[in-house]
Amino acid sequence: MKQDRKGDLGRPIRVILIRGRFQPPAAQRFYVLLDEHPEIELVGCLCQSAGEGLLERVRDAWRRRGVLAAPILASQGGRAAARFVLHPGRELGLRRRMASIDRRTELVVDVHEPQVVGRVRRLEPDLAVIYGGPILKPELFEIPGFGTLSIHHGRLPEYRGRKTTFWEMDEGRPTAGVAIQRIGAGLDTGDIVAQGEVPIGDKSYPRVWREVQDLGVTLYLDAILQIKRGTGSFRPQAGGAGRLYRDPSWFPVLRLGWKQMKKRWSRS
């Protein structure tokens, strides 16, 4: 078990990033913040992927979401186009800053391959952070001196697994949670270093999801700096492991959409 520490490191904290293949703008902003923060040294970036092109994105969406892949990809494309039209300078700036990180990202078939694990050891990271990457095994997440952090969009321990913001809304929760946890043996059962929530109210799912991601980026960066400065503390999750959620099928997606339409009609 990694131990908490007191007192500042006295130098930038050495961080290795393990990222996903296809990341939303919030994740990209997080990567850039890591890379540019004076108290953080980004010593490596891994991505478990067979590729990052359009064809691979379609295959990945189909594998995970089936018939929902087409509308999901269309929605993502529409939102990306809207962001560029509304904020072209900001979007071009983010792409330019991300290009440097992309060039330094090592694409690997499996992050647990012995040669990959060996390279991570030689980097001697103080901390690993994962955003949208694969589930890690102990031989990798136990390498850094302060362990490995991950972001979970959902209230813990009640909402574990995937698309928990969706399920929080579908089940009528008043708020949607986000937590920064230290990875342990169980899935989404690690000690918590930071957590927060956003009110749901009558907001649409895209808006709540965007707000949860934005809050998560802020909490994630703060958690890393707390560990570096020796002010962070890890709290075990209370109440035991909750339900493990999966990607919603088409029926829950339609159900939530219908609920939100009825709310809008009732206000008009």
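Only the coordinates and a few stated rules stand behind these numbers; no lab work does. All figures in this text were calculated on a predicted structure; none of them were measured in a lab. Methodologically, a virtual Cβ is constructed for each residue, glycine included, from the backbone with ideal geometry; neighbour enumeration extends over all protein chains shown.
Annotations
- The calculated FRET efficiency for residue 249 paired with residue 6, based on their beta-carbon distance and R0 = 45 Å, is about 0.40.
- Those aspartates and glutamates that a straight Cα-Cα span of less than 14 Å connects to residue 228, excepting residues fewer than 8 apart in one chain: 4, 8, 39, 41, 126
- Of 163/203; 6/137; 203/259; 163/262, those spanning more than 19 Å from alpha-carbon to alpha-carbon: 6/137; 163/262
- Built amide H within the under 5 Å cut-off of residue 191, gap 5+: 182
- Label zone at residue 235, where the point sits 7 Å out along the Cα-to-Cβ direction: the stretch 165-194 residues whose backbone N lies under 11 Å: 192-194
- Mean Kyte hydropathy of -0.5 or more with a Cα span along the axis of at least 18 Å, helices from DSSP in the chain: 69-86, 205-229
- Relative protection proxy for 194-201, 256-263, from highest mean packing down: 194-201, 256-263 (other beta-carbon atoms within 10 angstrom).
- Rounded to the nearest 20, the Cβ-based charge dipole of the chain about its Cα centre (Lys and Arg +1, Asp and Glu -1) stands at 860 debye.
- Checking [x] 19.7; [y] 28.0; [z] 21.1 against Kirkwood radius over Cα pairs in Å calculated from these atoms, the matching label is [x].
- Potential extension, residue 226-residue 171 segment - 0.36 nm per residue separation minus Cα distance: 16.4 nm
- Sorted by Cβ neighbour density within 10 Å, fewest at the top, the residues 150, 266: 266, 150
- Among 22-31, 203-212, sorting by the average number of other beta carbon atoms lying within 10 angstrom of each residue, highest first, gives 22-31, 203-212.
- Pair residue 82, residue 96: separation of 7 Å Cα→Cβ label points (nm): 2.6
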